[in-house]
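The values are calculated or read from the model by the stated rules, or taken from the named source; none is laboratory data. Predicted model only: the values in this text are computed from it and were never measured. Cβ sites come from the backbone with ideal geometry, for glycine too, and all protein chains shown count toward neighbours.
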Amino acid sequence: MHAKRRPPKLEPITISTFTGEPKEWKTFIQLYMSIIHKNKSLSKIEKFQYLLSYLGPEPKRISKLLNTGVQQI
């Protein structure tokens, strides 16, 4: 009798903090879109909070400036 093969147990995919480096953008946004943005069980607010949690200090500072500008319009 042959033992049933189980697939290897992989670590969950994680999203690294986006520091603002252009070379990191493509990987960051692809992972964010796949894991968070396309998750229909999350609200828009939850998705935005996740996005903010993955931003480093400089991108987070810029996002706050943009958010403030949008609120004033």
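Each residue in segment 51-67 was checked for being closer than 23 Å to Pro12 by Cα and either exposed (fewer than 11 other Cβ atoms within 10 Å of the Cβ) or in contact (Cβ under 8 Å) with a residue 24 or more places away in the chain (or both), and 3 pass. In the set Ile45, Ile13, Ile35, Ile62, only one residue is modelled with pLDDT of 95 or more, among the β-branched types (Val, Ile, Thr) and either part of a helix (DSSP H, G or I) or out of contact with any Phe, Trp or Tyr (no Cβ under 8 Å at 6 or more places or on another chain) (or both); that residue is Ile35.
Scanning segment 1-28 for residues that are β-branched (Val, Ile, Thr) and in contact with a helix residue (DSSP H, G or I) (Cβ under 9 Å, 6 or more places away or on another chain) returns Ile13, Thr14, Ile15, Thr17, Thr19.
Confirm whether Thr17 is touching a residue at least 24 places away in the same chain (Cβ under 8 Å) and not aliphatic (A, V, I, L, M). Considered against the rule, which asks whether it is touching a residue at least 24 places away in the same chain (Cβ under 8 Å) and not aliphatic (A, V, I, L, M), Thr17 comes out as yes.
Once segment 38-58 is narrowed to residues that are small (Gly, Ala, Ser) and closer than 19 Å to Thr17 by Cα, the residue that is farthest from the chain's Cα centre (by Cα) is Gly56. Only a single item in (1) closer than 17 Å to Ser63 by Cα; (2) of a type outside the set (D, E, K, R); (3) surrounded by 10 or more Cβ atoms within 10 Å (Cβ to Cβ) is not met by Thr27, and it is number (1).
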